[in-house]
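> Let me give you the structure first, and then I'll get to my questions.
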Amino acid sequence: MEDLVLKQRVLDIAYKHKLSHLGSYFSSLDIIDKIYEKMDLESDIFILSCGHAAVSLYAVIEKYYNIDAEQLFLKHGGHPHRNEEDHVHCSTGSLGLGLPVAIGRALADKSKTVYCLISDGECAEGSIWESLRFIYEHNIKNIKVYVNINGYCAYDSIDEEYLTERLRVFLPSINIVKTSVAHYPFLKGLNAHYHVMSEEDYTNEKKL
């Protein structure tokens, strides 16, 4: 079930600071929250490879570690900057970067489980496929890869079924989550990626 407090927090920060990447925020928020629910918060690591969804990460860190999400945004910006004290374990933004780092963290300490969220748009990067192959061929047990498939990248739509088949071939244990932001009236198709909320968008969404 969607955490409405988290959603409102992301909505408020995104509107106040006139941020885009709204589709990424709202489609990944519940995935990140569910990962943190199952993590050992004292030892496990989460890496947001799709760094453009950073505000959702900040909101979840606030929920579980009581670190102010807006202050995290002001400190780290629209893409995460590594700071272990803030529970931000990897600087991401360039697509395809986080998953290789997650593999390194998993190999460096096999007592920890490393969780990594990638996006469907990131799957255009060769580093993603190389990483998935490496995880499978080396049988790395302490890494859990999640994919947010919302059907869109920055400039195009995604063939969801084709991508899902390819991902499962490369890494059968991969966790695929199909999401949608179609219920947000201001997030339609490709416009969802770079849309900035108007006052009307924000006011109407707060009523729901």
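Throughout, read-outs are computed from the coordinates displayed, never taken from laboratory work. This is a predicted model, so every value here is computed, not measured. Here the Cβ is made from the backbone with ideal geometry for all residues, glycine too, and neighbour counts use every protein chain on show.
> In region 35-90, which GluC sites (Glu not before Pro) fall in coil by DSSP and have 13 or fewer other Cβ atoms within 10 Å? List each step's numbers first, then the result.
Numbers: sites: E37, E42, E62, E70, E84, E85; in loops: E42.
For GluC sites (Glu not before Pro) across region 35-90 that sit outside H, G, I, E and B with at most 13 neighbouring Cβ atoms in 10 Å, the list reads E42.
> Contact order normalised by length for the chain, with contacts defined as Cα pairs under 8 Å and 6 or more residues apart; what percent is it?
Details: 336 pairs, mean separation 47.6, N = 208.
Computed value for the chain: 23 percent relative contact order.
> A further question follows. Please work out whether region 34-155 counts as rounded, prolate or oblate from its C-alpha gyration tensor, where a ≥ b ≥ c are the square roots of the eigenvalues and a/c under 1.5 means rounded, while otherwise a/b larger than b/c means prolate and anything else oblate? Please report the intermediate quantities before stating the final value.
Numbers: a/c = 1.87, a/b = 1.18, b/c = 1.59.
It comes out oblate by the Cα gyration axes.
> Further question on the same structure: Grab the Cα-Cα distance for H17 and I176, subtract it from 0.36 nm times how many residues apart they are, and report the gain in nm with one decimal. Could you put the intermediate results ahead of the total?
Values: separation 159, 0.36 × 159 = 57.24 nm, distance 3.08 nm.
Between H17 and I176, full extension yields an extra 54.2 nm.
> As an exercise, identify the trypsin sites (Lys or Arg not before Pro) in region 1-83 lying in DSSP coil whose Cβ has no more than 10 other Cβ atoms within 10 Å. All intermediate terms of the calculation are to be shown ahead of the outcome.
Values: sites: K7, R9, K16, K18, K34, K38, K63, K75, R82; in loops: K18, R82.
For trypsin sites (Lys or Arg not before Pro) across region 1-83 that sit outside H, G, I, E and B with at most 10 neighbouring Cβ atoms in 10 Å, the list reads K18.
> If you don't mind, there's one more thing I want to ask. HN-Hα J couplings of region 103-110 from phi, Karplus 6.51/-1.76/1.60, θ = phi - 60°, integer Hz, Gly and Pro as x?
Listing the rounded values in order: 4, x, 5, 5, 6, 5, 8, 6 Hz.
> Using θ = phi - 60° and the Karplus form 6.51 cos²θ - 1.76 cosθ + 1.60, what ³J(HN,Hα) does each residue of region 125-142 get, whole Hz, x for Gly and Pro?
8, x, 4, 5, 5, 4, 5, 4, 4, 4, 4, 5, 5, 9, 6, 7, 8, 9
> Can you give the calculated 222 nm mean residue ellipticity of the chain, where each DSSP H run of n ≥ 4 adds -39,500 (n - 2.57) and the sum is split over every residue, rounded to the nearest 500 deg cm²/dmol?
On the way: 9 runs with 97 residues, N = 208.
Roughly -14000 deg cm²/dmol at 222 nm, from the helical runs in the chain.
> Taking the Cα centre as origin and putting +1 on Lys and Arg beta-carbons and -1 on Asp and Glu beta-carbons, what dipole magnitude results for region 4-207, to the nearest 20 debye? Spell out each step's value before the answer.
Working: 21 positive and 28 negative charges, 42 e Å.
Computed charge dipole of region 4-207: roughly 200 debye.
> When the chain is fully extended, how far beyond the present Cα-Cα distance does D109 get from R82, taking 0.36 nm per residue of separation? Walk me through the numbers on the way to the answer.
Details: separation 27, 0.36 × 27 = 9.72 nm, distance 1.80 nm.
Net length gain for the segment: 7.9 nm.
> Under the Kirkwood approximation applied to all pairs of distinct alpha-carbon atoms, what is the hydrodynamic radius of region 4-207 in Å?
Details: mean 1/r = 0.0586 Å⁻¹.
Mean inverse Cα-Cα distance, inverted, gives 17.1 Å.
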